[in-house]
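The next block holds one structure in the form of structure tokens; read it before the comments.
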Amino acid sequence: MIDVSVVMPIGSVEPELADQLRALSQQTFAGPWELVLSLNAPGARNELEASLASFTADASVSIIDSSSVRSASHARNAGAAAAKADRIAFCDADDIADPAWLSTLVAALDHHRAVGGFLEEDRLAVPGQENWRPPATPGGNPSFLGHDYLVSANMALWSDDFHRAGGFDE
């Protein structure tokens, strides 16, 4: 039985992907888990498979094709549909997960139905992101117009809740 499915949408194979796969390999989570790579870029499978050399964790890996609709939300939904665990964690291919990322999120799900993690915005900042994304809130979830929200690049929830809510809005 798999304890948690990690879903990662991949819109294109960026240089950060190898770093993120290496970071996921270094997770301190002790239970069985799977990595579901939802490839949303047609024709990038060979590049993705080459990047997988950076992933050395003892976890199952599946690559699904979600390129029929070019959308990160669609890729996340397709990945969640393929996930085998009762808990789903989401991360992005252009981020770098902390070694305790997965164990922290899974432990928090023992007490909550959905959880989000801290975002460090300086190391991998995209120029101009302040124009399209509210800044992270140190020590808490980001907020927009006074409401906290979870960022799809760093969140986990119970799969039954995810599917009951209809997934991400495409």
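The values are calculated or read from the model by the stated rules, or taken from the named source; none is laboratory data. What you see is a predicted model; the values in this text were computed from it and never measured. Note that we place each Cβ from the backbone using ideal geometry, even for glycine, and neighbour counts take in every protein chain shown. Heavy atoms of the whole protein, side chains included, go into the accessibility calculation; ligands, DNA and RNA do not. Shrake-Rupley method; radii C 1.70, N 1.55, O 1.52, S 1.80 Å.
Here are the numbers for the structure shown:
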quantity: Binned Cα-Cα distances of region 17-68, short to long, each 10 Å bin given as a whole percent; calculated: 24, 54, 20, 2
quantity: Rounded accessible area per residue of the chain, 1.4 Å, Å²; calculated: 52 Å²
quantity: Three-way shape call for the chain based on the alpha-carbon gyration tensor, with the a/c threshold at 1.5; calculated: rounded
quantity: Inter-label distance, nm, simple model (7 Å from Cα along the C-beta direction), residue 26/residue 110; calculated: 2.5 nm
quantity: Accessible surface of the chain, 1.4 Å probe, proportion on carbon and sulfur as whole %; calculated: 52 percent
quantity: Nearest-10 value in Å² for the accessible area of residue 87, using the 1.4 Å probe; calculated: 40 Å²
